[in-house]
Every structure is written in structure tokens, then in C-alpha cells.
Amino acid sequence: MRAPMICWAFLLLALFGNACNGFYLPGSYMHTYSPGDAIFAKVNSLTSIETELPFSYYSLPYCQPKEGVKKSAENLGELLMGDQIDNSPYRFRMNVNESVYLCTTKPLSEHEVKLLKQRTHDLYQVNMILDNLPVMRYAKQNEIDIQWTGFPVGYTPQNSNDDYIINHLKFTVLVHEYEGSGVEIIGTGEEGLGVISEADEKKASGFEIVGFVVVPCSVKYDPDAMIKHQIYDKVSSVSCPLDLDKSQIIREQERISFTYEVEFVKSEIRWPSRWDAYLKMEGARVHWFSILNSLMVIFFLAGIVFIIFLRTVRRDLTRYEELDKEAQAQMNEELSGWKLVVGDVFREPDCSKLLCIMVGDGVQITGMAVVTIIFAAFGFMSPASRGMLLTGMILLYLFLGIVAGYVAVRLWRTIKGTSEGWRSVSWSVACFFPGIVFLILTILNFILWGSQSTGAIPISLYFVLLALWFCISVPLTLLGGFMGTRAEAIQYPVRTNQIPREIPARKLPPWVLVLGAGTLPFGTLFIELFFILSSIWLGRFYYVFGFLLIVLLLLVIVCAEVSVVLTYMHLCVEDWRWWWKAFYASGSVSIFVFLYSINYLVFDLQSLSGPVSAILYLGYSLIIAVAIMLSTGTIGFLTSFYFVHYLFSSVKID
């Protein structure tokens, strides 16, 4: 039977190989344009690394499209990130170089002047998009060329109290001539799934947009002369003035004329490689060397810890099992260490319900993180697909509720020995972490609403999130809990004594050791954490998901090792209350993550201004820290649980 199946597989593979000459998965659906085709740019929210409060593009007195402002389709992730993508009047015609007039504003009011000056002082950037590519500009800083996405609303010259608006844009659009060579392309971007095959060769032939660059200028025009023009009328090309007298000042009763010019330049860059320029941001080389160095150090430390621990446990087990029954009975009186707590090691911990809930939520968060990063590492979460990463994470979290309910209820049955109360446990799992996130987001949302920022979650989206929560996550968690009641409970290898054993006094409190244990997992994470924080708060693209996957796997290994070693150390000093200590041994890394976030705020986000921005930053950092605590704590606890189970099932007990 197998031979014909293999033959058919090879035949299908050969046919598919003839049908297409190339294959490209990540990114958006490729567009090709014929000469003269109209292409309209879109505008995203105004953003600033100083305030982290996004605002609508049309909150400032900019030119509006003739057909009115229309919002583009936004996914869940874009809405939560504060993106608001609108159409714009900026029109380009493929391979037509031109200088164009847009509009002249009415005399600026006091409120508009105040708003423009405020946005200029807060270093707000205009984010424009053409064919799904963000506009990029090049700037010199300390004799180094730096790439930035977007361009400023305005600028304030040195030794001057006046502000000037950017009202003339010099665009360069890089295009690559595509001849329809039978490449089959599958796109997963915001335009949806699409395929270009050989049948569409003639239709697909044309020019692809592979680059979008801008040089922003401030130019003073005569408003009386400019107002005679109609939109898209040709005007003479201008060079960016160096004199402030020829730049457009921001002040009351000024009428500002907006113009732009565009130049199309042929490029050898191919469409699948057009995002490379955005991913070559500053610090890329440091990023690679730092991560490699961190990986080597952590592998070395983790290897030493594992070898020492393995030898110690093997020696103890070997010595104990080589004794005959009489020798064991005689030695039990003299034993010290983990063998003495055999009757207490599986005693029910304090707040056992809370432990089950946190472990269930931790499994859900860990599963979401692992699957998301694997998909991103294989290119399914392209930067071209704005909001796709966050949308994917939310959907994964919702559907992994079934796993969370199952794990929490099965652990509850193991600890209690009965399924009674499983509904309460399942409900609590479904509401614990999401409830914390909703509480923090609601507080932050009131702050954003007060600031009239587009980063505020709309009321309609709140109801959508609540519907997803209670219509998908909660039922699936309850279903998982029900499955947990039907699964076989884990049987303890030893009996628990009725009277708990007294725990000897110790010089140092246990929390000191638990807190210190978090430093090793943090060592695997902190380099990557810097780049993740930079991508979130400084508007940089994060793209090395392959390295992030390696760091995640390494973090899992180190969390497991640290928690097991600490559990073993506590058992050796006759401390049988290992349950919560195993959880927090690896979960304490979240404390260091939160402290590092504060350090990043103070020393790396010095441009962040105002208490509102700081509260937003700390609120989001707190959500991340809680998620990391639940995830890493669960990894450590489950590893320690199975280690303790294996350790005591290997010992001969009468």
C-alpha cells in the first residue's frame, strides 16, 4: 500500500513544482501598477516617543480628501494598539514625476495654533503608508545616518522661540519592474489571502512599489496666490529653504498652503525584500552579538547547575536504596534531609485553590507565547500585517482556555482527592488573569479618554472583548474543567501523615533564596527585553523572532532547573512546604522584569514626558510582569511537582 502512496506524492510534488517557479509566504498581497495608475497614500495615528499617546491625523488642520475622511478596515490588534488608519488626499500616479498643490487652510485659530505647537514640542510624527509600506526618512545624528519611520509635524530651530510646520513633502517612490515570471505568491497581509499564478501573468505585469522615502520641508507660500489653485494642480518644484524667513511659521491668523512632489526611481530591490530596509534599524549588530553572548553564558551556567544537581540526587538515591530493610529502619532515626519529610511532602499547601488557578492561567499564557513566537519565527507574523501579532495572541489565548481549565481542575483533584468545587475553580481560571488585565486597561483607558487619544479603547471594542471573553474563553475553560474531572487524578507515591512535621528554624528567611533564584532566568531574558521594550516604546521594528524562540526555550529550561534545585534544597533542610516556593522560585523573575522596566523608563526613555505617559508605561509593564510571573511560575511548579513525584516514587517506603 505504501509504494503507490509514495508515487502519488512524488507525482503531485512534481506537478506543483512545474506550476510555480517561486513561493513567498509572509507579507501582504503584491500589487502591480501600470504607468499612470493612481495610488493613494493612507495616514496612521500621530505618534510620539515623548508621550506615547497617539492622536488622529485629522486632529490637526491638515488637508482632507475630496470624498471625505474614511477609516480603513482595522483588525483587533490595530485597534488595541491605537492605530487609526484613514485615507488621505496624497495621490501618486505611477511613474509620473510631479509637483502638486493640495490646499490652503483657513486662518489658524488660537486653539489650532496651541495644538500644532504642542504636537511640535512633543516631537509628534506623521505616519504615512503607501502600498502597505510606512514612509521612511533619513536623518544625520552625530555624523551617523539614521533611519526613521514617519516625519515630524513641525520643528523648533535652536535659539528660537518660534515653531515651524512641515507643509511641503518631497517623496521618492522606489519601484521595481515586474514582468510576471510565473511566481506564485501567497499573501497573508491586511489585504487578505491572495495568489498570483501564471494565469495572471499579463495582468500582474507592471511596477511594484519597493520603497517609500520622504524629505520634509517647511515652505512659506503666498496664500492669496495659492488659494486660486485647485487640488492636484501642478505647481513649480521648490527646494527646502534654509532661511527661517522662507519657512512657514505657526501663529494665529496664518493661512498654510500644503504641497508635495513625487519622484519615481527604478530599483533593483525585489518585492519580497522591500521590508529589509525597515529591519536594518540602528543597533542590529549589537543585538546579534549580545544575544549570542547571553546564550553562551546561560548554557554554561545551566549546564553546571544541572550536572551538580544530577550527581547529588543520584548519590542520595543510590545510598538509600542499597540499604536492606533492617538498615533502613535503623537509619531512619538518624536520617536528615528530604527522606524525613516523606510523610508531609504531598500535604495540601496553603491557598491551594489560588495555586490551581494561577497554574491554569500560566499554562494558558505559556501556550499562547510559545505558539505565537513559533508562528512569528516561521514568518507568519510579518511587519506588513499590522496588528496581526496581537490579534493572533488574543485568539490563541481564548482558545487555550480549554487547556487551562483541564490543568487547573486536574491539579485541584490531585490535591483535594475529589472533583467537588471544580466549577468554581474553572470560573476563577477564566476570570483571574483577564480580570487583572481588564482592571488595569480600564484605569488606563479613562486616562486616555481624558487625553482624547486614539489609544483609548472604544466602548464598542470593550463589548467585543467582553463578548469574546464570556462567549469563547469562559465556556472553553469550563469544558476543559469538565474534562479534568473525567481525567485520572495523579496518585501520590507516599501516604501523608495526619500530624504535620515541625519545620526546623533557619537562619535566613525562605523568601531570600526564592527572590535570588529569579536572577538566573532574568539573565536569559534581559538582553532580549531591551530590544522588545525599544520596539514597543521607541517605534522600532522587532523582527528576530528566531532568536526570541531560542531565548524562550532557554528560559523554560532555566526556570525548570532553578525551581527544581530550590525545591530540592528546601526538602533537604526538612521544609516540606515546597509548593508555593517552587512556583515563585522561577516566577520571581517577573520582579526583576518590572524593576528593569522602571530602569528602562528612567535611563532609556528620558524623552518620555508627563505623569500620564509614565502611568501608561508602568500600567502596561505591570500587565507584562504579571503574565511573566504566571508563565514562569507555572513552568517551575509543574517541573518541581513531577520531580518530587519521581523522587519519592523511587524510594523504598514500608
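The values are calculated or read from the model by the stated rules, or taken from the named source; none is laboratory data. Keep in mind that this is a model prediction, so the values were computed, not measured. We place every Cβ from the backbone using ideal geometry, glycine too, and count neighbours over all the protein chains shown. The accessibility values were calculated without ligands, DNA or RNA, using every heavy atom of the protein model including side chains. Shrake-Rupley method; radii C 1.70, N 1.55, O 1.52, S 1.80 Å.
Taking the mean number of other Cβ atoms within 10 Å as a proxy for protection, how do you rank 268-278, 469-479 from highest to lowest? Don't skip to the answer; put the middle values down first.
On the way: 268-278: 16.2, 469-479: 18.5.
The most tightly packed comes first, giving 469-479, 268-278.
Roughly how many nanometres apart are two label points built 7 Å out from the Cα toward the Cβ at Arg270 and Val215?
Roughly 3.1 nm, to one decimal.
Can you give the log10 of the normalised intensity I(q)/I(0) at q = 0.22, 0.25, 0.29 Å⁻¹, computed with Debye over equal Cα scatterers of the stretch 129-174?
So the normalised log intensities are -0.98, -1.10, -1.16.
D for the stretch 32-278, whole µm²/s, Stokes-Einstein with Kirkwood Rh over alpha-carbon pairs at 37 °C and 0.692 mPa s: what number?
Value of D from the Cα-based Kirkwood radius: 169 µm²/s.
Ranked highest first by the average count of other Cβ atoms within 10 Å around their residues, in what order do 107-116, 123-132 fall?
Ranking, from highest mean packing down: 123-132, 107-116.
In percent, how large is the relative contact order of the stretch 32-278, given Cα pairs closer than 8 Å and 6 or more residues apart?
Answer for the stretch 32-278 is 26 percent.
Mind ranking 227-240, 578-591, 88-101 by how tightly packed they are, going by the mean number of other C-beta atoms within 10 angstrom, highest first?
578-591, 88-101, 227-240
Where the accessible area of the stretch 32-278 is counted over protein heavy atoms with a 1.4 Å probe, how much of it, in %, is carbon and sulfur?
C and S atoms contribute 49 percent here.
I need the calculated FRET efficiency for the pair Lys234 and Phe40, taking r as the beta carbon distance and R₀ as 25 Å, to the nearest 0.05. Write down the numbers at each step before the final one.
On the way: r = 18 Å, r/R0 = 0.72.
Efficiency, from the Cβ-Cβ distance: 0.90.
As I understand it, the dipole of the stretch 32-278 uses +1 on the Cβ of Lys and Arg and -1 on the Cβ of Asp and Glu, about the Cα centre. Which of Gly211, Ala38, Val175 lies farthest toward its positive end?
Ala38
Per residue, how large is the accessible surface of the stretch 399-479? Use a 1.4 angstrom probe and give square angstrom. Kindly include the intermediate steps, with their values, before the conclusion.
On the way: 3740 Å² over 81 residues.
Value for the stretch 399-479: 46 Å² per residue.
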